Amino acid sequence: HADLVACYLDSDWYSIPVLSGQTITLTMDTGAYEDLRRLTIHEPGGQTISETRELDVPVSTLSLAVTADGEAHFMCMVWVDGVAYDMTVAVE
C-alpha cells in the first residue's frame, strides 16, 4: 500500500491470511521521516515480534516465521502526526 498517513502514536493495524511454514516480512518506508517508528507482527501460532527503531534511514523491515494457519496481524506506528508511508507485506 502506498501513501498511507500515520498519526502520532496511533497504531495502524492490518491483517492477512497465512499458512504454517510461511514467513511474513513487513517493510515500512517513511520517505523524509527518518525518526522513531515501531513495527509489530503477530502470527496465528502465538509468536509476536515487535521492534522500535530510531534510524537515520527511512526504511524498516521486520520478519517472522508462521507456525500455524490463520490470520496474521501487523502494525506500523510513528511518533509524529501526518507522516506519509508506504507499507509492503510479503508472505513467502
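Structure above, values below:
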quantity	calculated
J(HN,Hα) series, the range 8-20, from Karplus relation 6.51 cos²θ - 1.76 cosθ + 1.60, nearest Hz, glycine and proline x	3, 6, 9, 5, 9, 9, 9, 9, 7, x, 9, 10, 3
Carbon + sulfur, % of accessible area of the chain - ligands and nucleic acids excluded, 1.4 Å	51 percent
When the chain is reduced to its Cα atoms, the Kirkwood hydrodynamic radius in Å	13.2 Å
Of Leu26, His73, Leu36, farthest towards positive along the dipole that unit charges on Lys, Arg, Asp, Glu beta carbons give the chain	His73
Dipole magnitude (debye, nearest 20) for the range 1-59, charges at Cβ of Lys, Arg, Asp, Glu	240 debye
Where His42, His1 fall by accessible area, highest first, once all protein chains stay in place (1.4 Å)	His1, His42
Residues with amide H under 5 Å from that of Asp69, placed H, sequence gap 5 or more	Ser20
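The values are calculated or read from the model by the stated rules, or taken from the named source; none is laboratory data. Just so it is clear, the model here is predicted, and its values are computed rather than measured. Cβ: placed from backbone, ideal geometry, glycine included. Neighbour counts: every protein chain shown. These area figures cover heavy atoms from the full protein model, side chains too; ligands, DNA and RNA do not enter into them. Shrake-Rupley method; radii C 1.70, N 1.55, O 1.52, S 1.80 Å.
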